[in-house]
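To start, the structure itself, in structure tokens.
The values are calculated or read from the model by the stated rules, or taken from the named source; none is laboratory data. Here the structure is a predicted model, which is why all the values come from computation and not from measurement. So basically every Cβ, Gly included, is an ideal-geometry build from the backbone, and we count neighbours across all protein chains shown.
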């Protein structure tokens, strides 16, 4: 029962904001766009159509942060650890043997337990597991690849409500979360299937621009980042010398 | 039973309009656009896609008015008070300890009472609570963030009818209301999910314009404001020196 | 039973048309566009997106006609009489105390009888009431604000059929009717939810045009007016000196 | 039962086509576009959005032909005979008292028999009535205004199949038929709700073109006319001196 | 039961392709575009919006081939033989009395057996009949006008599967088939209702292009033709001197 | 049951990526775009509208690789082996009698077992068969033509989940897979019906570009290719001298 007391309890004066601490993306030039990086503890959507390097950029953010001392958990719901490892390795994300970057291969588990798959409440299982691992291993970065794959495993009866609680759970962790959101081709405008775009603290949007009749250029845009004054424009994104880089000069 | 009497009762000659009193937005230049501000007692939609500063601008309107002597209630259905406080603080909305600006953290209550959530009629609970608080604390400004979150908590069987009565309740308060309305990405044209746009007295529309191929500019437009002769055009909206400001000169 | 007799009865030769009598809109310049005004007895849709002054223009048509000797009934299904009165007063529609302009505040009745609302057949109640009042008070102008609000109160099982009979009822009155039709934002093309646009005798369409990147101009267009040879183009609509005026010169 | 016999019976060699006889539209210039007019016995859709003079043009085709010796039946399913008569009279379609132009006022019958309306199979009633009248009065021109109104009176379980048989019935008459088809605003492309456009022999399409930002011009186009080699282009349509006229010169 | 044997049986090495034999369209210039014509035995969709001469072009292909020695069956599901004959005759497709061009008038049969229509499985009846006639009369060309009419007569529970088998049946015949596919107005992009476009061997697409504001030009395009290297572009299609002709010069 | 153990088991440190081995497409110029070819073991979508040579290009990739020593299985779900063989032969893919290129003619089997078709779980049958043949014959290349045909044979209750497991099965093979994906006309943007585009390792997209008013050019684009740094642009695709070739020079 919700007593009016609990209401009063939850009505309090504003207090001074805590000092800001940010997670670098290590995408050259982009951290400046974000005023230093992503506010620690944020839940960030990384959205884009196929082939926009959502996985690569997200993984690289974890990778670079781990090299700088973070501990990260990458949860892959479909792509196998081997494939992911190969793909990342081919991008120069190597020498990982001594890094605290863990991959949870849900895909493998699903293939091994195909028959039980339907009976599980994966959202709950995942919450339990993440909670446990974050407490045990002290991960401060978590990535889930992808939200749509998670939806395919969980019947959301009240999507926004269920997602509110899932986001609430993620916020409860002492970690920064990245949720990969797949935008179907031919639908560049939309971000997220339900209302993730409003529940999330930040949205990084990756998009392929057709330039003229034949060229296609990959661009990155920060659509939204709470607690951050950022440029909203598009930046050409390239990967050179084992680093993601912005091509456009930033004027701020 | 509706007696024809009640009909006659409700048919009366027009009387002289009461003197107009307006709530300033404190968005530099915008109050002139509105002919002084928002008519007190109005219900105003603040609509926009993700990242258009709906929350920031609405909160800042309450904040500046409270500094000028108002009493305000900000109802957050999803974003926690702490996150909201941090986000606002990072925008320079500080020194609030002595201001009469209250935040009702429904999100916190929901997380604490997840299991009961479904059984509640939140629309009713919220009405009761707001009514009680407005009478007790004499709030003259109320904001609800957001309508879509409220919909996710309430099954509206006859949306327009239910919203008519909710709006009727808000009108009954001696306060000015701000309802944040989330417009999904890739759907810039639409405002509101049901017919809020017609029930509301005013609509402030925030939109990100893609300028050329790479720039994105935030713009504000007053789509509608009853009892007000206003400019309908778009204005570039920026935040400088802890103030929201319009960039375009106003010609009226 | 429909006897073939009733069929023959209804098959008759054409007779000479009755002399034309027109209701002025008092929108400066627009009555010329309409060849003198709206044919008396017509059912006219006043359609537009939010903020296009549908209510203001319709009310002003009644107001000016009443000043010229008409008797008018304005039926508001959602906006309260007080709000409407204030809004209109703020536009200079004042000095009404001695005018035969009645407002039926259905919104008030609905708020007072919320619980019974669902059980009522509002379409029928409204028909009965309008019929009674028009006979008693001799109203020659009737406005309903809005059709969409009326739909929210009435379950139309066979919309077009039900609307045909409602329009038939209105035609039976010795009055000219104005039906406000709400066009949702981002849907400028469509007029009316069902087939009102074909059942109505006339359609006045209000639209906000984005001029260039920042300006927005209000325009009025007569899409359709039976028994009238009219210009089909758009005209800029402004309100100056307590009058609605067309800005574009009319070439005919 | 369908015996293969009936199959063989219906398989026959091609015979020489019968001499062509055409119904003039009396729209100045348009009969040339049609190579003399509409092939007698055709079923023609007259399609357009509201305010495109579908009724006026169709009625005028009947009117002019009757003056030239035809006998015509105009079936109005919604607009009353009086309103139609007034509307047409105001366009100069006068002096009809001695013309063989009959109007069947189904609208009136519906209003008088509202309660029975639902129980009727209007499609069947209409077929019976038309058949009877065409045989008795020898009508050679029949117009139905409108198809959409007819749909609202008849539940078509298999629209295309039901329409095929209705069109088959019309073809069985020794008359030329005009079916008014309402195209909702904001949907200029589509013609007809089901597949009428393929079942019909001809399609006359009326459309309002926005010229520049403010002008709107009415245009007529023959989309399709079986047994006719015609120009497919758009022509400006005006009504001057009690005649419909094409404005564009025809180059063929 | 499907034994793995049947699988092995159906796995065979590739053999040399049989010599190519083509059916001319006799559309002047178009056979060159097709590298000689349509591969004999193909199933070809002739798709287009109303008024694009789908029937005329298809019939003319049969007509010209019959004059050159073929035997053809034209199956009309809705348009009567008389109307079709007249329409074709008016295009100069005359002198047919001694040609082996048969028309199966399904429309007539349907009108004569309206009541039984629903109980029939027309797809099956048509297959039986076509099979019988092709074997008896040795037709090498078959046309069905139209697919959409056929759909209206057959409830396809698994459209693509049912169509696969119908196409399989057609392939089994020693004939070349033409299937007329109706593309609704305002939907120029789509071809076919289900997946016919992928099941068919060839697609001839007819489209009306609006040139400037008033002109409309008919164009023909070969979207797809298996076993053929063809130009994919649009060609203006005209009918002059009793022949269809392409207007654009072919550069290959 | 999923024990937390299995979770731990699946959480492992990253290991060094294995050396990259690539399958050439033999489309002249395209292998350079792909950095040598398609990573062996990938699952690649070949998507395009009708007439974009999806089948031809895919078959040619198998054909050229088989000539270079591979063993390939081409699974055709609808087009018969004979038709496919003829079509390919006409493109110069001849002299195949001694090549290890097998065609599984599912279409033939379906036509022979029409009545049993519905009762089968084709997805399962296909998996069993492919698995068996790949182990027995050592195929290293497998193509399925098409995914949409496969969907028409299998009711996917949870499309993404079912496809995840089907893709998982394909990954389990020691082969590279090509899945032909049909994009309906007038829908150039979308790729795949469900979420194949995200499950696949690579996407080759074929599209017809309308150049000016009459020309249509075929273009190929690599939308996505995991473990590969590739150009995302469009390339004109032509077939000359029995080879597919890119027309645009590659600048990288």
query = Where residues in segment C:74-112 are within 20 Å of residue C:174 (Cβ to Cβ) and more than 8 Å from chain B (Cβ to nearest Cβ), which of them is surrounded by the fewest Cβ atoms within 10 Å (Cβ to Cβ)?
reply = C:100
request  = Could you figure out which of (1) under 22 Å from residue A:212 (Cβ atoms); (2) at pLDDT 95 or above isn't true of residue F:248?
outcome  = (2)
message = If I ask for residues that are surrounded by fewer than 20 Cβ atoms within 10 Å (Cβ to Cβ) and closer than 16 Å to residue B:52 by Cβ, which ones from segment A:232-246 would you list?
response = A:232
query = In this structure, is residue D:67 surrounded by fewer than 24 Cβ atoms within 10 Å (Cβ to Cβ) and out of contact with any strand residue (DSSP E or B) (no Cβ under 8 Å at 6 or more places or on another chain)?
reply = yes
query = For segment C:217-226, how many residues are crowded, with 19+ Cβ neighbours inside 10 Å and within 20 Å of residue C:50 (Cα to Cα)?
reply = 6
task = Need at least 2 residues that are touching a strand residue (DSSP E or B) at 6+ places or on another chain (Cβ under 8 Å) and either at pLDDT below 95 or within 11 Å of chain B (Cβ to nearest Cβ) (or both) per element, so show me which strands (runs of 3 or more DSSP E) inside segment C:119-224 make the cut, counting only ones lying wholly within it.
result = C:176-182, C:202-211
ask   = Given the conditions (1) in contact with a strand residue (DSSP E or B) (Cβ under 8 Å, 6 or more places away or on another chain); (2) modelled with pLDDT of 90 or more, which single one is not true for residue B:111?
value = (1)
ask   = Looking at segment B:232-246, which of its residues are free of Cβ contacts under 8 Å to residues at least 60 places away in the same chain and at the interface with another protein chain (Cβ under 9 Å from one of its Cβ atoms)?
value = B:232, B:233, B:234, B:236
message = Please go through segment B:47-61 and give me each residue that is more than 13 Å from residue B:182 (Cβ to Cβ) and either within 11 Å of another protein chain (Cβ to nearest Cβ) or surrounded by fewer than 22 Cβ atoms within 10 Å (Cβ to Cβ) (or both), ordered by number.
response = B:56, B:59
ask   = Conditions: (1) in contact (Cβ under 8 Å) with a residue 40 or more places away in the chain; (2) buried (at least 19 other Cβ atoms within 10 Å of the Cβ); (3) within 13 Å of chain F (Cβ to nearest Cβ). Residue E:229 meets all but one. Number of the miss?
value = (2)
Segment B:152-164 residues that are closer than 18 Å to residue A:194 by Cα, paired with ones that are modelled with pLDDT under 90 (beta carbon under 6 Å, 6 or more apart) = B:153/B:122; B:154/B:122; B:154/B:123
ask   = If we only count helices (runs of 4 or more DSSP H) wholly inside segment F:1-108, which ones have 3 or more residues that are closer than 30 Å to residue A:119 by Cα and modelled with pLDDT under 90?
value = F:4-10
